[in-house]
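*Asks:* Would you mind keeping the following structure in view while I ask a few things?
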Amino acid sequence: MRGSTGSGREERRKKTAIEEAKKKIAEEAKGEPLEVEINRIIAARAEKQQFERDKYFEIWDKYVMSYKYSYGRQSTFFKELFSNKRIMGAKCPKCGTVYCPPRSDCSECYQENKWIVLSDTGIVTTSVACWYVSAEFFIEVPYICAYVKVDGADTSMLQRIVSRDVERVKPGIRVRAVFREKREGKMSDFYFVPKDEYHYWLEEERKRAQG
């Protein structure tokens, strides 16, 4: 019992000391302007930062990283763009749904899809004309982003459309893919143009490739 009583007294003494310390700090804070307290905090942090700078030697350097990443099970799509100028779709062997952009597996049947060659033509389902540059390969303003349903596919892909008249690119217009002469295995390896402008843009692409 004596041990318990002594322990209780010690706890009460500590609580009393803490409360008195809080009151003292509060009284001191009331007598000082807020700016003084802010300056004290700033000075303390600056002193700590200076200590770290003095403790550790630092120099400026540049870090550049190059890396490769894999397209995984979508590799065939990008490989065909790069090597053969072909748009590939993924067809479900069970329900027959054709996905473009491709999916490895059918989202309805959970079957592994099979690769098929699709047409380079299609129809615009949704489009928007953008008047501000937001990506490196959108070097011309305005540029058009659209969902295009490639002939033979059941889904639509988001891709850039190039036209001499951006106002004419609307849902329902027929388009055809123009492949860049210099390709990298990316979605920017091709773009769509209105079908009746195809030969014009094909020639422009050839001129661009020749410099």
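The values are calculated or read from the model by the stated rules, or taken from the named source; none is laboratory data. None of the values given here were measured: they were computed from a predicted structure. Ideal geometry is used to build each Cβ from the backbone, glycine not excepted, and the neighbour counts take in all protein chains shown.
*Asks:* Run down G152, G172 and say which single residue is surrounded by 11 or more Cβ atoms within 10 Å (Cβ to Cβ), touching a residue at least 12 places away in the same chain (Cβ under 8 Å) and part of a loop (DSSP other than H, G, I, E, B).
*Replies:* G152
*Asks:* Let me ask something else. Could you go through region 134-155 and let me know if any residue there is of a type in the set (S, T, Y), under 20 Å from the mean Cα position of the chain (by Cα) and within 22 Å of N113 (Cβ to Cβ).
*Replies:* yes
*Asks:* Which pairs turn up if I take residues in region 124-139 that are on the phi < 0 side of the Ramachandran plot and assigned to a strand (DSSP E or B) and look for partners that are at pLDDT below 80 and of a type in the set (A, V, I, L, M, F, W, C) with beta carbon separation below 9 Å, at least 6 apart in sequence or on another chain?
*Replies:* Once the first residue is on the phi < 0 side of the Ramachandran plot and assigned to a strand (DSSP E or B) and sits in region 124-139, its partners that are at pLDDT below 80 and of a type in the set (A, V, I, L, M, F, W, C) give C130/F138; C130/V141.
*Asks:* Quick check on region 91-122: of everything there that is touching a helix residue (DSSP H, G or I) at 6+ places or on another chain (Cβ under 9 Å) and assigned to a loop (DSSP other than H, G, I, E, B), which residue is surrounded by the most Cβ atoms within 10 Å (Cβ to Cβ)?
*Replies:* C100
*Asks:* When you go through (1) surrounded by 13 or more Cβ atoms within 10 Å (Cβ to Cβ); (2) in contact with a strand residue (DSSP E or B) (Cβ under 7 Å, 6 or more places away or on another chain); (3) assigned to a loop (DSSP other than H, G, I, E, B); (4) not hydrophobic (A, V, I, L, M, F, W, C) one by one for Y147, which number turns out not to apply?
*Replies:* Here Y147 meets the rest and fails (3).
*Asks:* Given the criteria over 27 Å from the mean Cα position of the chain (by Cα) and surrounded by 11 or more Cβ atoms within 10 Å (Cβ to Cβ), does P194 qualify?
*Replies:* yes
*Asks:* Taking region 41-77 as the region of interest, how many residues are of a type in the set (D, E, K, R), at pLDDT 75 or above and in a loop (DSSP other than H, G, I, E, B)?
*Replies:* The qualifying residues number 3.
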